[in-house]
């Protein structure tokens with residue numbers, strides 16, 4: 001009987017139970033197959049001219065591979081299991097395999113599974129049945145952990161290679177769950193111990209095999225996806241856990257509730273990963289000088305613990321998600337401002353950075369709708385408006401959204417003012433000029449983009465800027481923080497109070513005067529024209545010269561009465 005014929009005979013002669021190959025008398029001390037090579041060869045393949053060689057695999061010291069010398073890639077996997085039930089209601093591994101074969105006879109013909117086909121009873125010298133030796137075909141390949149150890153994940157080609165393998169594992173598991181669903185309940189039959197050591201990968205052919213299936217279908221254990229994702233993520237990184245998870249979600253049968261919720265929250269990225277290619281196009285990278293995105297994007301989900309999102313814990317994954325084509329050097333994250341769920345992600349050698357803001361799915365949908373109506377929001381250098389979203393998942397359920405925007409620099413106006421070192425008069429004059437520029441720029445943005453103004457907000461909580469960034473080298477003011485929710489007052493008033501808190505009331509007044517004066521001028525100019533601006537229309541070009549806001553030494557218009565300035569509400 002050849003090595004192949006044992007499995008085929010078991011499949012054809014008795015597909016509803018393990019084939020009983022016979023008994024092997026063993027000493028009472030721990031069983032060692034190397035001491036029973038001749039007997040094992042006779043039971044496994046009596047026509048073999050040479051005895052099998054046996055080697056141990058794994059750390060449990062109860063699993064071995066028996067193969068012919070000179071042909072180590074073809075043979076049997078042997079696993080020692082208990083002969084008797086540990087608890088009355090818990091079947092032995094042999095009983096479980098028999099039940100599974102009676103329910104799913106195709107298990108033995110599935111080329112991607114190394115399901116047991118035979119059993120050898122181990123008996124003590126007095127005839128007592130002390131253990132069983134379950135026999136399965138030897139699957140080709142190496143454990144994923146060993147394959148991973150041979151890779152250099154600092155190299156882009158090895159990163160892409162591992163990502164594709166993990167995506168294929170997700171496809172394999174989704175097919176496994178669908179193929180062997182419980183006919184009575186429609187639920188998947190789980191592996192119950194699905195981790196990288198129980199998946200074999202053959203690099204030359206690219207084939208994958210699932211091994212150690214004796215616990216398949218154990219009651220109450222349904223964590224196949226979570227366990228594999230958690231372990232591959234800890235071994236290699238969240239990028240590879242995401243590739244596995246998204247491929248599984250894209251192909252898994254949508255009847256289980258957790259799969260439905262996960263599928264709905266990752267609809268675009270799951271679909272894009274089905275061809276086995278990279279999850280994200282290289283054009284989505286964002287290094288200095290890279291073109292800005294022309295439309296809103298939805299990237300991969302990021303799995304976070306129940307305790308909440310912490311960018312420090314996912315820094316490597318975030319850097320790759322935002323720049324898959326080019327390496328982000330020494331990424332650093334810092335909170336954008338106190339009491340906000342917003343952070344700056346910057347990297348060495350580049351002034352341009354990313355702003356990460358945590359918000360709800362409704363806010364993400366609002367940002368996407370605004371960009372759809374007015375794509376110019378993503379192209380204006382004075383706006384750091386969200387251009388993509390990363391869904392945040394806890395237990396495969398989307399709990400929040402991480403909105404990402406680009407910014408020309410990583411310095412907030414608050415930090416710039418804090419370290420502004422000039423004499424008192426020079427410092428105040430410089431502050432006044434910057435605040436005038438900020439107020440003027442914000443008024444122009446509200447005229448250019450009515451959808452981000454207080455009067456034209458798309459929803460009650462508004463999508464209006466709450467933080468100012470400043471680049472001294474090019475004298476550029478940029479507005480960010482659009483996703484703070486449930487504001488009790490307008491974001492312009494929040495900005496006024498925010499500026500006053502770190503720059504003083506006088507500087508905040510300069511901001512307010514410049515804003516109101518420019519707003520009034522633009523309103524008068526618009527009313528004198530033909531009124532072509534709709535509620536969500538965009539003006540293609542508006543002059544950004546600082547002369548309209550008045551000079552820093554106080555021009556005639558700028559010195560208008562306090563009553564006139566107060567009458568021009570920031571609302």
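General remarks:
- Rounded to two decimals, the Cα-based Rg/Rh of region 143-272, with Kirkwood Rh, is 0.96.
- For region 63-122 versus region 162-189, the inter-centroid distance based on Cα atoms is 20 Å.
- Computed P(r) (all Cα pairs; region 26-143; 5 Å bins; percent): 2, 11, 19, 23, 20, 16, 8, 2, 0
- Inter-probe distance in nm under a simple model that places probes 7 Å from Cα toward Cβ, at residue 23 and residue 56: 2.8
- Comparing region 282-407 with the 2.2 N^0.38 Å rule of thumb, its C-alpha radius of gyration ratio is 1.00 (two decimals).
- Here the gap between residue 99 and residue 235, fully extended at 0.36 nm per residue and compared with their Cα-Cα distance, gives a gain of 45.5 nm.
- On the beta carbon distance between residue 334 and residue 362, with R0 = 30 Å, the FRET formula returns roughly 0.65.
- Taking the number of Cβ atoms within 10 Å of each Cβ as an exposure proxy, the fewest-first ranking of 223, 45 is 223, 45.
- Ordering 172-179, 161-168 by mean Cβ neighbour count within 10 Å, with the highest value first, yields 161-168, 172-179.
- Rounded to the nearest 5, the antiparallel percentage of DSSP beta bridges internal to region 282-407 is 85%.
- Note on residue 418 and residue 161: their simple-model spin labels are 4.6 nm apart, each label 7 Å out from Cα toward Cβ.
- Peptides ranked, highest mean first, by Cβ atoms within 10 Å: ranges 376-388, 201-213: 376-388, 201-213
- Efficiency of FRET between residue 92 and residue 185 - r from beta-carbon atoms, R0 35 angstrom, step 0.05: 0.90
- Put in line by how crowded their Cβ is, counting other Cβ atoms within 10 Å and starting with the fewest, 92, 412 read 92, 412.
- For 244, 104, order by how many other beta-carbon atoms lie within 10 Å, fewest first: 104, 244
- Using a simple spin-label model with pseudo-atoms 7 Å out from Cα toward Cβ, residue 348 and residue 397 lie 4.2 nm apart.
All of the numbers you see were taken from the coordinates with simple rules; none came from a lab. This is a predicted model, so every value here is computed, not measured. Cβ: placed from backbone, ideal geometry, glycine included. Neighbour counts: every protein chain shown.
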